[in-house]
Structure formats: structure tokens, C-alpha cells
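Beneath this line is the structure, given in C-alpha cells, with notes to follow.
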Amino acid sequence: MAFSGNYMCTSFKKELLEGLHDFNASGGNTFKLALYTSSATLNAATTVYSTTNEISGTGYTAGGGTLTNVDPTTSSTTAFCDFNDLTFSTATITARGALIYNSTNGNRAVVVLDFGADKTSTAGDFTIIFPTADASNAIIRIA
């Protein structure tokens, strides 16, 4: 098993300080979510989107799906952002994890998601359900 947890990519943290990522819903960068097999090696050191060990199958296109940004916000001392849930319709695929990446700025890696086990859909919807957008649960949080 090559996945070993969920990570905010180290390169992403540096790029935030350089101003390379804009998560605003209006006028912000385009972020995508690509799905990967259990053979993929994605971790905190991942820097860019790659097609190596990306899944293939009906209802899925290389590069993944485009995410819909939800404006960043804060709660107490935590800043966070979210995306709307993403569905790959009528899909026949198996994925072990995913990579969220910024397709506007060089396909830079943002977050690695480990599903914990292979997840499969057969001629059905494969949906990525993002957690509640709050300071304790949002997919991207900076405390």
C-alpha cells in the first residue's frame, strides 16, 4: 500500500506564502481532484499532479474533475476553505486516494487524500463528499 495518510503538501505551504494559490469562489484559481490507484506514491512531498498510477475507467477522465471553490473564511484563529462535493457520474472505477491540485498554476499539489481502502463504483456515482466547512473539519485548515 503506497498511501499512508492525508497530507497538506509541503510545497503548497511554501507556495501559500508566495501568493501562488487563490481559493476565492469568484475569480480564483481552478482546482481539480484526480483519483489514484493503491500503487500511487502520494504524500506530503508530492509537488505536482502526475498521471502515474492515476485511475482509468468509464466516467473518469485523466486529470480528474474540476472542483467548485467555496470562499475561504475564518473561525477564531483558524482560516479554512472548502469545495463543493464532486461526483463522477455513471462511473466504473476503483480508487484508493486522490490529489487536489491547482490546475491554473502549473498543476501544483495542494492536498493528498487517503481513502483508507479501495473505493469502487460500478456504473454508478463515485462521489467525493467533503467534510463540514468549519475550523475543525474543513478539507484545508490553517490554525
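The values are calculated or read from the model by the stated rules, or taken from the named source; none is laboratory data. From a predicted model like this one, the values you see are computed outputs, not experimental measurements. Virtual Cβ from ideal backbone geometry, glycine too; neighbours counted across all protein chains shown. All accessible areas refer to the heavy atoms of the entire protein, side chains included, with ligands and DNA or RNA removed. Shrake-Rupley method; radii C 1.70, N 1.55, O 1.52, S 1.80 Å.
Could you work out the relative contact order of the chain? I mean the mean sequence separation of Cα pairs under 8 Å and 6+ apart, divided by the number of residues, in percent. Present the calculation step by step, with values, prior to reporting the outcome.
On the way: 350 pairs, mean separation 42.5, N = 143.
Once normalised by length, the contact order is 30 percent.
Just from its helices, what would the mean residue ellipticity at 222 nm be for the chain, if runs of 4 or more DSSP H residues each count -39500 (n - 2.57) and the sum is divided by every residue, rounded to the nearest 500 deg cm²/dmol? Can you show the working numbers first?
Numbers: 1 runs with 8 residues, N = 143.
Dividing the helical sum by the residues of the chain leaves -1500 deg cm²/dmol.
For a paramagnetic label modelled at 7 Å from the Cα of Ala2 toward its Cβ, which residues of the range 118-135 fall within the zone defined by backbone nitrogen distances under 19 Å?
118-120
Determine the gain in length on full extension of the stretch Thr41-Asp22; use 0.36 nm per residue of separation and subtract their C-alpha separation, reporting nm with one decimal.
Values: separation 19, 0.36 × 19 = 6.84 nm, distance 2.64 nm.
Net length gain for the segment: 4.2 nm.
With all pairs of different alpha carbon atoms counted, what Kirkwood hydrodynamic radius in Å does the chain show?
Computed over the chain, the radius equals 15.3 Å.
Just the number please: accessible area per residue for the chain, 1.4 Å probe, all protein chains included, in Å². Can you show the working numbers first?
Working: 6960 Å² over 143 residues.
Ligands and nucleic acids excluded, the figure is 49 Å² per residue.
Around Gly63, under 13 Å between beta carbons, what's the net of Lys plus Arg minus Asp minus Glu among the other residues?
Net charge in that neighbourhood comes out at 0.
Going by Cα centres, the range 38-60 and the range 1-35 are how many Å apart?
15 Å
Tally up the carbon and sulfur contribution to the accessible surface of the range 68-143 as a whole percent, 1.4 Å probe, everything protein left in place. Write out the running numbers ahead of the final one.
On the way: 1600 of 3560 Å².
That fraction is 45 percent.
How long is the gain from Thr52 to Ser75 if the chain were fully straight, where each residue apart is worth 0.36 nm and the alpha carbon distance is subtracted?
Numbers: separation 23, 0.36 × 23 = 8.28 nm, distance 3.75 nm.
Extra length from Thr52 to Ser75 when fully extended: 4.5 nm.
I need the peptides 19-27, 58-66, 92-100, 4-12 ranked by packing, meaning the mean over residues of other C-beta atoms within 10 angstrom, with the highest value on top. Working shown, then result.
Values: 19-27: 12.8, 58-66: 15.2, 92-100: 22.6, 4-12: 17.3.
Ranked from most to least packed, the peptides come out as 92-100, 4-12, 58-66, 19-27.
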